[in-house]
């Protein structure tokens, strides 16, 4: 029997969203655990569950107002993006007084779901984004397995690296041949999309240049750009945007690309075991993507950037938390030391602190505000910074005293 991994933080975030909104959309890639999470939220609460991939549920929702209007409690609709005609009905039901029912919508990221949030359901729906397991859920001691296999539950929990690699190969095939077409309406042959995805795996962690990739694939750069947008929209690829300001230096203004799940990255690179990963030329880039994904999940994508100058100075991740700037540099080394690039980033960006994430187990300081940390300690530090920001935003007022103002 496979071990059960509790997704406590994600459960809490979804329950809070349901308490505050009549509609909550839980979105993420296929096989990331959305249905399992919904079952845990529903529990014994009254309501109903529909799965639009099930013909019985699809027939039951053929007359959506008739089927949904009498329901009370929590109503779960899985694969909701398959029937965009539901969204106007859900808008009407969400506007009823006293909200007799709450709707939890499960769906893979798709243009239809995004348009529904921006049009039909605007102001009524809260989006909760989820991926596979993160380091907090898998447990810090399992970081090597999480890095190698990625966070998709069936890949991470597989009985051995070979079975995990087989599952990921099947997932890639299904995603390219079915999901991309169904979710985004792409008509490009699956083999052509696979070539692009494999090319992106080899460019993982690098500046994105659609013209260069287009020449390698024999495709116009606009086609490459369009297909990248599809992969970003399905939450399989991340575009990390650059930070630039008036520093009197020439700075990079193009985004970097990362495959969000390192297990999928390794499958596309033909890596099945940790020994093969350690000898692969993309080892450092893979480690960088793994650490950055963990950090961005905590700090939020809106607060995350990279920074680089044409002269070669740079910072892997710049985070803005509570109006202050924090840096993350990622090194796959036994004992990283201080570099000129770190000093330049500290000075030019005015960093409050700089964390250097590495695969070791000890923490040690390189400078007054520069510390080398394991990836688990980095996550703990970022959570502490976010907790401090929330405490500053919601100060406790004492009788007869006003809370001090913080700029």
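Every number here is computed from the coordinates shown, using simple stated rules; none is lab data. These numbers come from a predicted model, not from an experiment. No Cβ is skipped: glycine too gets one built from the backbone with ideal geometry, and neighbour counts run over all protein chains shown.
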Placing each pseudo-label 7 Å from Cα in the direction of the beta carbon, residue 324 and residue 211 end up separated by a distance in nanometres of 4.2
Taking the Cβ-Cβ separation of residue 383 and residue 252 as r and a Förster radius of 30 Å, what is the calculated FRET efficiency to the nearest 0.05?
0.55
CD proxy, 222 nm, the chain: helix-only mean residue ellipticity via -39,500 (n - 2.57) per DSSP H run with n ≥ 4, per residue, nearest 500, stands at -12500 deg cm²/dmol
Note down the nm distance, to one decimal, between modelled labels 7 Å out along Cα→Cβ at residue 5 and at residue 54.
2.6
Arranged by the count of other C-beta atoms within 10 angstrom, fewest first, what order do 227, 203 take?
203, 227
Nearest 0.05, what FRET efficiency do residue 62 and residue 162 give at R0 = 41 Å with Cβ-Cβ as r?
0.40
Considering the convex hull of the alpha carbon atoms of the stretch 207-329, report its projected area averaged over all viewing directions, in nm², one decimal.
9.0
Computed from the beta carbon distance with a Förster radius of 51 Å, FRET efficiency for residue 122 and residue 273 to the nearest 0.05 stands at 0.60
DSSP bridge pairs, the chain: antiparallel proportion in percent, nearest 5
40
Once the Cα atoms of helix 340-349 and of the chain are each reduced to a long axis, what angle between those two axes, in degrees from 0 to 90 to the nearest 10, is obtained?
60
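Going by C-beta contacts inside 10 Å, put 331, 340 in order with the fewest on the left.
Lowest to highest Cβ neighbour count: 340, 331.
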What base-10 log of the normalised intensity I(q)/I(0) is obtained for the chain from the Debye formula, alpha carbons as equal point scatterers, at q = 0.06, 0.07, 0.10 Å⁻¹?
-0.27, -0.37, -0.76
With springs only between Cα atoms under 10 Å, which of 212, 272, 79 fluctuates most in a Gaussian network model of the chain?
212
Working from Cα positions, state the angle (0 to 90°, nearest 10) between the long axis of helix 221-233 and the longest principal axis of the chain.
70
Pick out which of 177, 245, 294 has the largest mean-square fluctuation in a Gaussian network model of the chain, springs linking Cα atoms closer than 10 Å.
245
If the chain between residue 174 and residue 245 were fully stretched, how many nm would it gain, using 0.36 nm times the residue separation less the Cα-Cα distance?
21.3 nm
By counting other Cβ atoms within 10 Å of each Cβ, how are 258, 332, 358 ranked from fewest to most?
332, 358, 258
Run the simple label-point estimate for residue 129 and residue 39 please: 7 Å along Cα→C-beta, distance reported in nm.
2.7
On a 0 to 90 degree scale, rounded to 10, what angle separates helix 283-299 from the longest Cα axis of the chain?
60
